[in-house]
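Down below is the structure, laid out as structure tokens.
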Amino acid sequence: MKKLSVKVKLTLLYTFFMTLISVVALGILFSISNTQILASVQRQLEESVEKGFRYVEWDDGELEIDSDIMEVENNIYLSVYDKNGQLIYGRIPYDFNLDVEIQNQQLRNFTSNGTKWYVFDSTSEVFGYEEVTIRGIVSVTNEENNFAVLIKTSVVGLPLLVLLTAIIGYRFTSRALKPVDNMIKAVQDICENEDLSKRVSIDFGQDEIHRLGLLFNQMLTQLEEVFEREKRFTSDVSHELRTPTTVILSHCEALLEEDTLQEEERKEIEVIEKKARNMAQLVSQILMLSRADRECLPVNLEEIDISELTEMVAEEQEEIASLKNISIQTEIEKNIIACVDETLMIRLWVNLISNAISYGREGGYVKVRLFTDGKQITGQVEDNGIGISNEHLAHIWERFYRVDQARTAGQESSSGLGLPMVKWIVKAHGGTIFVSSEEGKGTIFTFHLPGSNES
């Protein structure tokens, strides 16, 4: 039940209660109708018998009975008897073959040949003649059969009514919840494109759903303003920090060129220089991501041989890898041409390979792969280092996220911005990237880019 949509739940609830009400109403109606039908048959029988005396009269020394009494109305058969109970005139049903004693003003029921009958006798004196009795006979079974047909029709029609109710209920529910569907689609679009400038499309209305849509749009507006202020602040701060870090680095370089420095002073200045370079790199990354967020970072696409570019980056990283006795192994398909931003692609490979070296195993390896199937280009960087646990795997794309102290120990230059930058670069080129890792065994980063014919 939890997996069903709100529309289906409301439709089921609506259909259930409508069906319950219909069944209860039909049950009450049938119960009352059955009683009313029998009472109506009895009343018609008594009225027909009493009216039958209009057809009997004494005229010129003869008892005359109008032939109209032979007509059967409402399935009621009338017959006339003398005071001795002998049939004088009238009709008796073919199936009624009982010899029933006359009892004045008594309504009785009998069963004959599987048929139920009501019998009513009324005795009255005809002016100038003697007493006569008019008997009325009517079949109850016929009325019950007609009622049974009505019940069967209702039972057959009830499922159709339920189905029709469900269809109409679903249509009305879908129409009522259409603004909610629009809100869901809008939220999905906002989440997929990470675009807070979009709004929920909602018509004018005063109900709860329309008010919710308006409030949701107001919330998006406020969130967009907050994020824009944050982006501007990050960009402004990063830009302002570039000048002091540059000044610190230039002064450190100037001091280190002095021959009069003592060894201990030189070491302290080298530490300051190292930290300043790390800070400058961090500021550069923050500024670049901030510009990317504000869509101010241009992506200059051009046809280049990324096979050659990848080989070049891998060779440059070998010197860093050798410090940990890590070998860089390449499996690069030749002459892969793609329409990409060369600077961004170099940064992508540098970030992935340096990340693999930083967290690789001493004496281990880093494998760099590049190949294509014509439709898309696939790049991979694999290491046999410490790996990443599942609980941290989903967070590695977050800015400034560091798995734990054990993983980042000794990695002073790690800012937690390299992988977010990699993800942005891949996305800017219309590609996708994912990671697979097993703690203690290693990690594989895999990205896909559109082929040259799709760029």
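A few notes on this one:
- The residues of the chain present an accessible area of 61 Å² per residue when probed at 1.4 Å with all protein chains retained.
- Near residue 326, the amide H atoms lying under 5 Å from its own belong to 363; only residues 5 or more places off or on other chains count, and H is placed 1.01 Å from N.
- Dipole of the chain [Lys/Arg +1, Asp/Glu -1 at C-beta], most positive-end residue of 120, 139, 11: 11
- Protein heavy-atom surface of the range 155-221, 1.4 angstrom probe: 64% of the accessible area is carbon and sulfur, with nucleic acids and ligands not counted.
- The chain, relative contact order in percent, only Cα pairs under 8 angstrom and at least six apart counted: 9
- Cα-projected label distance for residue 247 with residue 373, points at 7 Å along beta-carbon direction, nm: 5.6
- Taking 20 Å as the straight-line reach from the Cα of residue 334, the lysines in range (excluding those fewer than 8 positions away in the same chain) are 367, 375.
- Straight-line cross-link partners of residue 7 among the lysines, defined as a Cα under 27 Å from its Cα and at least 8 positions apart when in the same chain: 178, 185, 198.
- When only the Cβ of Lys, Arg, Asp and Glu is charged (+1, +1, -1, -1), the dipole of the range 162-270 relative to its Cα centre reaches about 1640 debye.
- Taking a straight Cα-Cα cut-off under 30 Å and skipping sequence neighbours fewer than 8 places away in the same chain, the lysines within cross-link reach of residue 152 are 116.
- Basic side chains Lys and Arg get +1 at the Cβ, acidic Asp and Glu get -1 at the Cβ, and with that the dipole of the chain about its Cα centre reaches some 760 debye.
- Between the C-alpha center of the range 202-233 and that of the range 124-166 there is a gap of 67 Å.
- Per-residue SASA entry for residue 219, accessible area with 1.4 Å probe, Å² rounded to 10: 90
- Neighbourhood net charge (11 Å Cβ-Cβ; Lys/Arg +1, Asp/Glu -1) for residue 335: -2
- ³J(HN,Hα), Karplus 6.51/-1.76/1.60, whole Hz, each residue of the range 109-117, x for Gly, Pro: 10, 9, 10, 9, 6, x, 10, 8, 10
- Fraction of accessible area attributable to carbon and sulfur, the range 345-384 (%, probe 1.4 Å): 45
- With the whole protein complex present, residue 209 retains an accessible surface near 40 Å², based on a 1.4 Å probe.
- Think of the chain as a dipole: +1 on every Lys or Arg Cβ, -1 on every Asp or Glu Cβ, centred on the Cα centre; then among 106, 157, 377, 377 lies furthest on the positive end.
- Table column - 3J(HN,Hα) (Hz), the range 251-262, Karplus curve with 6.51, -1.76, 1.60, x for Gly and Pro: 5, 4, 4, 5, 5, 5, 7, 6, 7, 7, 5, 6
- Computed in the context of the full set of protein chains, the accessible area of the range 1-84 at 1.4 Å probe radius has 56% of its extent on carbon or sulfur.
- Modelled label reach - residue 57, point 7 Å along Cα→Cβ, the range 63-100 residues with backbone N closer than 11 Å: 64-66
- Note on P(r) over Cα pairs in 20 Å bins from 0, in percent: of the candidates (i) 16, 26, 16, 11, 11, 13, 5, 1, 0; (ii) 21, 40, 28, 11, 0; (iii) 23, 52, 21, 3, 0, the value calculated from this structure sits at (i).
- Using a Förster distance of 51 Å, the FRET efficiency for residue 150-residue 216 (Cβ separation, nearest 0.05): 0.45
- Folded to 0 to 90 degrees: helix 178-193 orientation relative to the chain principal axis, Cα: 20
- In sequence order, the range 418-425 has phi-based couplings of x, 5, x, 5, 4, 4, 5, 4 Hz under the Karplus curve 6.51 cos²θ - 1.76 cosθ + 1.60, θ = phi - 60°, and Gly or Pro positions carry x.
- Computed helical MRE - 222 nm, the chain, DSSP H runs ≥ 4 contributing -39500 (n - 2.57), nearest 500: -18000 deg cm²/dmol
- Estimated from the Cβ-Cβ distance and a Förster radius of 60 angstrom, the FRET efficiency linking residue 4 and residue 281 is about 0.70.
- For the range 102-171, the dipole from Cβ point charges (+1 on Lys and Arg, -1 on Asp and Glu) about the Cα centre works out to 640 debye, to the nearest 20.
The values are calculated or read from the model by the stated rules, or taken from the named source; none is laboratory data. These numbers come from a predicted model, not from an experiment. Cβ sites come from the backbone with ideal geometry, for glycine too, and all protein chains shown count toward neighbours. To get the accessible areas, we keep the full protein, side chains included, count just its heavy atoms, and leave off ligands, DNA and RNA. Shrake-Rupley method; radii C 1.70, N 1.55, O 1.52, S 1.80 Å.
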